[in-house]
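Notes follow once the structure below has been shown.
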Amino acid sequence: MTKALSKHQGFLYLLPALLFVSAFVLWPFCQLAYLSLTDTSLLGGGVFIGFDNYARAMSDRSFWRALWFTLQYTVVITPILMGLGFALALLTAPNQLLRQITRAIIFLPVVIGLGSSSLLWFWLFDQQVGPFNQIMVDLGIFEEPAVWFTNADMALTAVIISVTWKIVGFGMLLFIAGIQSIPSEVTEASLIDGTNYWQRVWHIILPLTRRVILLATLISVIGSMLAFDQFYIMTGGNPRGKTFTSVYWIYQNSFISFKLGYGAALSMILTGIVLVFSSIQVVLSNRSPQA
């Protein structure tokens, strides 16, 4: 009996995780895949219709417009989060008291729920009572209070500002972990060779934290591709549906228009796109040197 347990010990340790993933990931995913092949309504009923929902999605201009907007948002927000997060990590990585306090302050918004932070920034950007506009006017940046959510570009800018404030501390923490994992001998050797600070950043820190950068980029891209809360709360898809994200459009079809089957098909398409990004990250990560 002891030998049998020893032989399968690894599997027994893995079993709870396998059961959890099977129950809460694989089984729901299989249900979603089947649902996407039906015309099920939120009100009930539905029959198997094969790939009709996918054929319909191919000609759904609203979905592809929402997907294009989501990609634009992702392309804009990801470099901001990565660049600012890395810069903050460089500033606060040394374990000095003042930098540790600064690090903690920057990280604090991460623990706030995305819905709560979106409501906070929606109030801050309000034309009538929000202090953000008044600060911009007092600084001479704006001539008069701006109406942020009646213009698609300004609405996107407002969302990007709120998400950056909320998320950048998480990326900073990942980068700090990568920077602090670099062996001190490497840094000391570079100092002996007479390298300056920016040479160390470019030739030592960046190459040796490449895997962390790729991981943070993947998290940011997936999070941006699945963006919903901030747009639902701050813009509501307005003006004129120009700030609908992919997930927001899926929500509209599934729970507002009651088209669960069609919404499931859109979800499967979006899942496939996210899997492509994940696969690219895995390939790049495997080719990167490890710190």
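The values are calculated or read from the model by the stated rules, or taken from the named source; none is laboratory data. Note that the coordinates shown come from a computational prediction; the quantities given were computed from them, not determined experimentally. A quick note on method: Cβ atoms are made from the backbone with ideal geometry, for glycine too, and the neighbour counts reach across all protein chains shown. Only protein heavy atoms, including side chains, enter the accessible area calculation; ligands, DNA and RNA are left aside. Shrake-Rupley method; radii C 1.70, N 1.55, O 1.52, S 1.80 Å.
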I'd like to know if the range 78-87 contains one or more residues that are of a type in the set (Phe, Trp, Tyr) and surrounded by 20 or more Cβ atoms within 10 Å (Cβ to Cβ). yes
Pairs only if they're at least six apart or on different chains, beta carbon under 6 angstrom, first in the range 106-129 and closer than 27 Å to Ala87 by Cα, second assigned to a loop (DSSP other than H, G, I, E, B) and of a type outside the set (D, E, K, R); list them, first residue then second. Leu124/Gly130
Condition first: touching a Lys or Arg at 6+ places or on another chain (Cβ under 9 Å) and within 18 Å of Thr187 (Cα to Cα). Now tell me which residues in the range 90-118 satisfy that. Leu91, Thr92, Ala93
Run Tyr73 past the list (1) surrounded by fewer than 18 Cβ atoms within 10 Å (Cβ to Cβ); (2) not in a loop (DSSP other than H, G, I, E, B) and report the number of the one that doesn't hold. (1)
Output for the range 190-218, where each listed residue is open to solvent by less than 70 Å² (accessible area, probe 1.4 Å) and either without any contact (Cβ under 8 Å) to a residue 40 or more places away in the chain or over 30 Å from Ile160 (Cα atoms) (or both): Ser190, Gly194, Thr195, Arg200, Ile204, Leu206
Looking at (1) of a type in the set (Ser, Thr, Tyr); (2) within 17 Å of Thr74 (Cα to Cα); (3) surrounded by 19 or more Cβ atoms within 10 Å (Cβ to Cβ), which one does Thr271 not meet, given that it meets all the others? (3)
Number of positions in the range 99-140 that are modelled with pLDDT of 90 or more, hydrophobic (A, V, I, L, M, F, W, C) and in a loop (DSSP other than H, G, I, E, B): 2
Which residue pairs have Cβ atoms closer than 7 Å, lie 6 or more positions apart in sequence or on different chains, and pair a first residue in the range 227-243 that is closer than 15 Å to Gln72 by Cβ with a second residue that is among the small types (Gly, Ala, Ser) and open to solvent by 10 Å² or more (accessible area, probe 1.4 Å)? Lys242/Ala152; Thr243/Ala152
Can you tell me which residue among Pro145, Pro109 is surrounded by 14 or more Cβ atoms within 10 Å (Cβ to Cβ), closer than 25 Å to Val221 by Cβ and touching a Gly at 6+ places or on another chain (Cβ under 9 Å)? Pro109
Cβ-Cβ under 8 Å, sequence separation 6+ or interchain: first residue in the range 44-71 and at negative phi, partner assigned to a loop (DSSP other than H, G, I, E, B) and open to solvent by 40 Å² or more (accessible area, probe 1.4 Å). Which pairs? Val47/Asp39; Ile49/Asp39; Asp52/Asp39; Asn53/Asp39; Phe69/Lys242
Residues in the range 37-48: is at least one within 28 Å of the chain's Cα centre (by Cα) and open to solvent by less than 50 Å² (accessible area, probe 1.4 Å)? no
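Within the range 231-241, does at least one residue satisfy the condition of being open to solvent by 40 Å² or more (accessible area, probe 1.4 Å), under 27 Å from Val276 (Cβ atoms) and of a type in the set (Phe, Trp, Tyr)? I'd like the intermediate steps shown before the answer.
First, the residues of the range 231-241 that are open to solvent by 40 Å² or more (accessible area, probe 1.4 Å): 232-233, 238, 240.
Now narrow it down to the ones that are under 27 Å from Val276 (Cβ atoms): 232.
Cutting the leftovers down to of a type in the set (Phe, Trp, Tyr) gives us 232.
Yes, there is a match, as at least one residue in the range 231-241 is open to solvent by 40 Å² or more (accessible area, probe 1.4 Å), under 27 Å from Val276 (Cβ atoms) and of a type in the set (Phe, Trp, Tyr).
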